[in-house]
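S.K.: Before I ask anything, here is the structure I am working with.
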Amino acid sequence: MNISRVGVDIAKSVFHVHGVDRYHQVQWQGKYSREKWLDALSKRVPIGAEIGMEACASSHHWARELQQRGYLVRLIAAQFVKPYV
């Protein structure tokens, strides 16, 4: 499993994660609690992978956490997220 991109949907207590490889084939989908999602992501996604999430108040905090772990984070404006849902 070679995940190159991950999409994260941030909610209050549950995070949905969707990972694809370089051919855009789904490699991983999951639903994790706020406390466990970073560990699950770190175990499955290689350092340097691109992670995208909707720009909101908490996404900036999570982006900093992910960048400290070596990931490339892209925050997407809300009006451009709809096609990815």
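The values are calculated or read from the model by the stated rules, or taken from the named source; none is laboratory data. Everything quoted here is computed from the prediction, not taken from an experiment. Ideal geometry is used to build each Cβ from the backbone, glycine not excepted, and the neighbour counts take in all protein chains shown. Remember, those area values only see protein heavy atoms, side chains included, never the ligands or the DNA or RNA. Shrake-Rupley method; radii C 1.70, N 1.55, O 1.52, S 1.80 Å.
S.K.: Label points 7 Å out from Cα along the Cβ direction at residue 60 and residue 14: separation in nm?
M.R.: For residue 60 paired with residue 14, the spin-label model returns 2.8 nm.
S.K.: Would you mind getting the Kirkwood hydrodynamic radius of segment 3-44 from its Cα pairs, rounded to one decimal in Å?
M.R.: For segment 3-44, inverting the mean 1/r across all distinct Cα pairs yields 10.4 Å.
S.K.: Another question, if that's okay. Of all accessible surface on the chain at a 1.4 Å probe, what whole percent is carbon and sulfur?
M.R.: That fraction is 51 percent.
S.K.: Please give the length that would be gained between residue 78 and residue 22 if that part of the chain were fully extended, namely 0.36 nm times their separation in residues minus their C-alpha to C-alpha distance (nm, one decimal). Don't skip to the end; give the middle numbers.
M.R.: Values: separation 56, 0.36 × 56 = 20.16 nm, distance 2.46 nm.
Contour length minus Cα-Cα distance gives 17.7 nm.
S.K.: Given 37 °C and 0.692 mPa s, compute D for the chain with the Stokes-Einstein relation, Rh being the Kirkwood radius over Cα pairs; round to the nearest whole µm²/s.
M.R.: Rounded, D is 256 µm²/s.
S.K.: For the pair residue 4 and residue 29, how long in nm is the line joining their label points, each one 7 Å along Cα→Cβ?
M.R.: 2.1
S.K.: Which percent, nearest 5, of DSSP beta bridges in the chain are antiparallel?
M.R.: Percent antiparallel among DSSP bridges in the chain is about 60.
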